[in-house]
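As structure tokens, the structure follows; a few thoughts come after it.
What follows is calculated from the coordinates using simple rules that are stated; it is not laboratory data. Not measured: the values here are computed from a predicted model. Cβ placement follows ideal geometry from the backbone for every residue including glycine, while neighbour counts extend to all protein chains displayed.
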Amino acid sequence: MYNRIPINNNIRAKEVRVVDETGKQLGIMPLLEALRISKERGLDLIQVTEKVEPPVCRIGDFGKYLYQLQKKERKIKTTGGELKEIRVSFNISPHDLETKAKTAEKFLRNGDKIKMSMLLKGREKALGNFAKEKISQFCEVLDKLIPIKIERDLKREPRGFTMIISKQ
């Protein structure tokens with residue numbers, strides 16, 4: 001991606017809108033004049049966007065420009081959050097349910113999503129309604145701590161129930 005950014009003599013436009021290294025607009029000028037100004041300052045002429053007419057070019061250090069782009073890209077990737085799993089057992093006590101909800105709250109505040117799961121073993125599989133009540137209690141306790149949005153509704157799976165929760 002970065003090797004396709006036109007710089008200096010690779011810019012194909014006849015006229016460009018130039019922004020200097022401080023962010024000040026120098027206006028629209030012929031490409032040769034913009035190249036001359038950038039060479040005088042010992043910097044590169046970098047084409048920032050070609051979607052407008054004339055294309056916008058920035059005078060600056062190409063290495064620093066690439067670094068800023070990569071930094072911005074990394075920040076976008078990390079803000080998506082992860083999918084954290086919280087397991088609730090069938091016979092969980094109300095106090096333990098609150099403790100799990102507080103842990104879930106921390107994850108949600110960090111921007112992560114939560115996969116809430118309840119594994120059912122043996123005869124517990126026959127008591128699906130009781131398990132659903134426990135899960136709804138967990139959601140109520142968590143909703144009191146932080147407003148939540150259910151990304152994926154409660155889903156019955158072979159080993160129990162799962163649902164995905166995120167912050168509103």
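Once the Cα-Cα distance is subtracted from the 0.36 nm per residue extended length, the Asn129 to Glu73 segment shows a gain of 15.6 nm. When the P(r) is computed for the stretch 38-133, the part past 19 Å accounts for 66% of the Cα-Cα pairs.
For the pairs Lys113/Lys149; Lys24/Lys64; Lys134/Lys155; Lys71/Lys113, note any where the Cα-Cα span goes beyond 20 Å. Too far apart for the 20 Å limit: Lys71/Lys113. Among Glu98, Glu21, a tally of other beta-carbon atoms within 10 Å of each Cβ gives an order, fewest to most, of Glu21, Glu98.
Its Cα gyration tensor gives the stretch 83-167 an equivalent ellipsoid, and the semi-axes of that ellipsoid, as √(5λ) in whole Å with the largest first, are 21, 13, 10. In units of the rule-of-thumb radius 2.2 N^0.38 Å, the chain shows an alpha carbon radius of gyration of 1.79.
Taking the number of Cβ atoms within 10 Å of each Cβ as an exposure proxy, the fewest-first ranking of Thr22, Thr99 is Thr22, Thr99.
Taking the longest Cα principal axis of the chain as reference, the axis of helix 62-78 is set at about 10 degrees.
Debye-formula intensities of the stretch 2-77, expressed as log10 I(q)/I(0) at q = 0.14, 0.16, 0.17, 0.22 Å⁻¹, are -0.42, -0.54, -0.60, -0.96 (one equal scatterer per alpha-carbon, no solvent). Put in line by how crowded their Cβ is, counting other Cβ atoms within 10 Å and starting with the fewest, Thr162, Thr49, Thr103 read Thr49, Thr103, Thr162.
For the residue pairs Lys102/Lys167; Lys39/Lys72; Lys14/Lys75; Lys100/Lys132, alpha carbon separations beyond 24 Å are given by Lys39/Lys72; Lys14/Lys75.
Gyration tensor analysis over the Cα atoms of the stretch 32-72 returns equivalent ellipsoid semi-axes of 18, 16, 4 Å (largest first, whole Å).
The magnitude of the dipole of the chain, with charges of +1 and -1 set on the Cβ of Lys/Arg and Asp/Glu and taken from the Cα centre, is near 520 debye.
The magnitude of the dipole of the stretch 2-77, with charges of +1 and -1 set on the Cβ of Lys/Arg and Asp/Glu and taken from the Cα centre, is near 420 debye. Putting +1 on Lys and Arg Cβ atoms and -1 on Asp and Glu Cβ atoms, find which of Asn91, Gln137, Met163 reaches farthest to the positive end of the dipole of the chain. Of the candidates, Asn91 comes out farthest on the positive side. Think of it as helices only: each DSSP H run of n ≥ 4 in the chain is worth -39500 (n - 2.57), and spread over all residues that comes to -12000 deg cm²/dmol at 222 nm. Beta bridges per DSSP, both residues in the chain: antiparallel share near 75 percent.
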